[in-house]
Amino acid sequence: MRLLIDTNIFIYREDHGVIPESIQTLIKILSKLRVQILIHPLSKEEIERDKNKKRRDIALSKIGAYATLENPPDAMKDEKFIDMVGRAEDSHEMVDINLLYCIYREATQYLITEDKGIHKKASVVKLSDRVLTVKEAIEKFEGFLPIETVQIPPSLMHVPLHNLDIQDPFFDSLKKEYHDFEDWWTEKSREGRKAWVYFRENGKIGAILILKTEDEAIPSVPPLPRKKRVKVCTLKVEEIGHKIGELFIKISIRFAINNQLDELYLTHYTKPEGDHLVDLIEEFGFKKVSEKETGEYVYVKSIHPHKDNYGTVEIAKQFYPGFYDGVEVKKFLVPIQPQHHNRLFIDCSGRQTSLFELAKRGGELITEGNTIKKAYLCHSKIKKLSPGDILLFYRSQDIRAVTTIGITEMVYNDVTSAEEAMHYIGKRSVYSVKEIAEMTRKPTKVILFMQHFNLPKPVPLEFLKRENIIGWAPQSISEIEHKEYQQIKKTGGIDESFTID
């Protein structure tokens, strides 16, 4: 993208002091977007005519930092345009008219100016949406920035590529598979690209995730048309036992949602002897759709659900975090104590990081609370829960509100041994072996589920009581009606585009 700036944005005729904060903010945004900022040659000529040498030299030093628009169109040769905007009364207005003419003739996409006369003329020729004040430009271009405020666990860091050691043995396999990997890394480092990184105790890299937003076609067989997508540029995990890969899938999807994109993709050389990455991404809805000339397969995932021939559990997996919530699906309120809520739903807003998240269990980093697939243990006697049912987790005692939505994958009732419970739970549990052994002294319900959304607006107990959804704070898992679920869903702010009924 290219845009033209009026010199009054950076140079004030009566003041050669510091640049205002708003302009500094705008320049930072444009720099991140790699927008080319141009100066019209007439603007420079106008400054050169200033008879105040000190002021002229300061102004030229500032304007010299920006590229000049080459061979700009000449407004004075377009009688039709001049008739619309009016003839210039002086040399300054002549410059203004030529700046606006560059937008009229599509020489650049935008003009940024504080000059009211230019804005008035822009309105006449119906270019007001492309002639912006500094404030308007900040508001507009901020919306183009990728949103990287994805909540990540304390065990990960979001760092610039230039702070990572490309000679770390972790990168050896990537260099082998992608011969231009080091050149690509250098280029992206210079652009300021960042990565989500898990570091081992010895400081070496154990896992890395690099994302970007794209708006282009994917050259492959068959070719994929141009579309706004999130590209998973790099996803490599050596710490398989830590479930970092699943966590990276979750971060990638949240990144897509934050940027209002509904499709993600990655390319990958599939290993014939077995491929952990393919197993992982296919579990959460990435599908192999085409092949590139290099031999890489293209895997694409959509996050807005459609039913087709999928069952409810399969919809929840294929279109995660989208899910099916039709009337035939049962809905349950699940009370959960704060200490368990903190550990199961680490990314739920409003909670504070605890030392537990930084602790180790048996030498292994605890990340299950940040992943998608989870397990919840309780002593509820309800027998109605089935795969595909919706779980509305109600945090008791302190917040006293519904905070999180999950989808049931499997339920095991009346488990009475720690060994059996651990067999069902696998690596999903945030509970220690000691805690599981203590719980299973009594018949225990093991619920395997996927966490889909934290409610943007937790639904408080007062609302549940006022709407007659429940009469008092829930003490055990209880079923609610479909219409009551819809009230919670609407009040909690769940985006309808992620559900299908």
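Filtering the stretch 59-87 to residues that are hydrophobic (A, V, I, L, M, F, W, C), within 18 Å of residue 7 (Cα to Cα) and surrounded by 16 or more Cβ atoms within 10 Å (Cβ to Cβ) leaves 59, 63, 69.
Each residue in the stretch 223-242 was checked for being touching a Leu at 6+ places or on another chain (Cβ under 6 Å) and surrounded by fewer than 17 Cβ atoms within 10 Å (Cβ to Cβ), and 1 pass. Note on the stretch 418-430: residues that are part of a loop (DSSP other than H, G, I, E, B) and either open to solvent by 10 Å² or more (accessible area, probe 1.4 Å) or of a type in the set (Gly, Ala, Ser) (or both) total 4. Cβ-Cβ distances below 6 Å connect the following pairs, each with a first residue in the stretch 290-316 that is within 21 Å of residue 499 (Cβ to Cβ), a second residue that is open to solvent by less than 40 Å² (accessible area, probe 1.4 Å) and among the acidic types (Asp, Glu), and a separation of six or more residues or different chains: 302/263. Counting only residues that are open to solvent by 80 Å² or more (accessible area, probe 1.4 Å) and over 35 Å from the mean Cα position of the chain (by Cα), which one in the stretch 110-123 is farthest from residue 92 (Cα to Cα)? Per the stated criteria, the residue is 120. Within the stretch 294-333, the residues that satisfy the criterion of being among the hydrophobic types (A, V, I, L, M, F, W, C), open to solvent by 10 Å² or more (accessible area, probe 1.4 Å) and not in a loop (DSSP other than H, G, I, E, B) are 300, 313. In the stretch 441-464, of all residues being out of contact with any Gly (no Cβ under 7 Å at 6 or more places or on another chain) and either in a helix (DSSP H, G or I) or free of Cβ contacts under 8 Å to residues at least 60 places away in the same chain (or both), the one that is most open to solvent (accessible area, probe 1.4 Å) corresponds to 441. Within the stretch 243-276, the residues that satisfy the criterion of being buried (at least 18 other Cβ atoms within 10 Å of the Cβ) and either over 26 Å from residue 145 (Cβ atoms) or at pLDDT below 90 (or both) are 243, 244, 245, 246, 247, 268. Residue 50 falls short on exactly one of the conditions (1) surrounded by fewer than 18 Cβ atoms within 10 Å (Cβ to Cβ); (2) at pLDDT 90 or above; (3) closer than 15 Å to residue 8 by Cα, and that condition is (2).
Within the stretch 455-476, identify whether any single residue is under 18 Å from residue 395 (Cα atoms) and at pLDDT below 90, and answer yes or no. Among the residues of the stretch 455-476, not one is under 18 Å from residue 395 (Cα atoms) and at pLDDT below 90, which makes the answer no.
The values are calculated or read from the model by the stated rules, or taken from the named source; none is laboratory data. A quick note: this is a predicted structure, and the numbers were derived from the prediction, not measured. So basically every Cβ, Gly included, is an ideal-geometry build from the backbone, and we count neighbours across all protein chains shown. All accessible areas refer to the heavy atoms of the entire protein, side chains included, with ligands and DNA or RNA removed. Shrake-Rupley method; radii C 1.70, N 1.55, O 1.52, S 1.80 Å.
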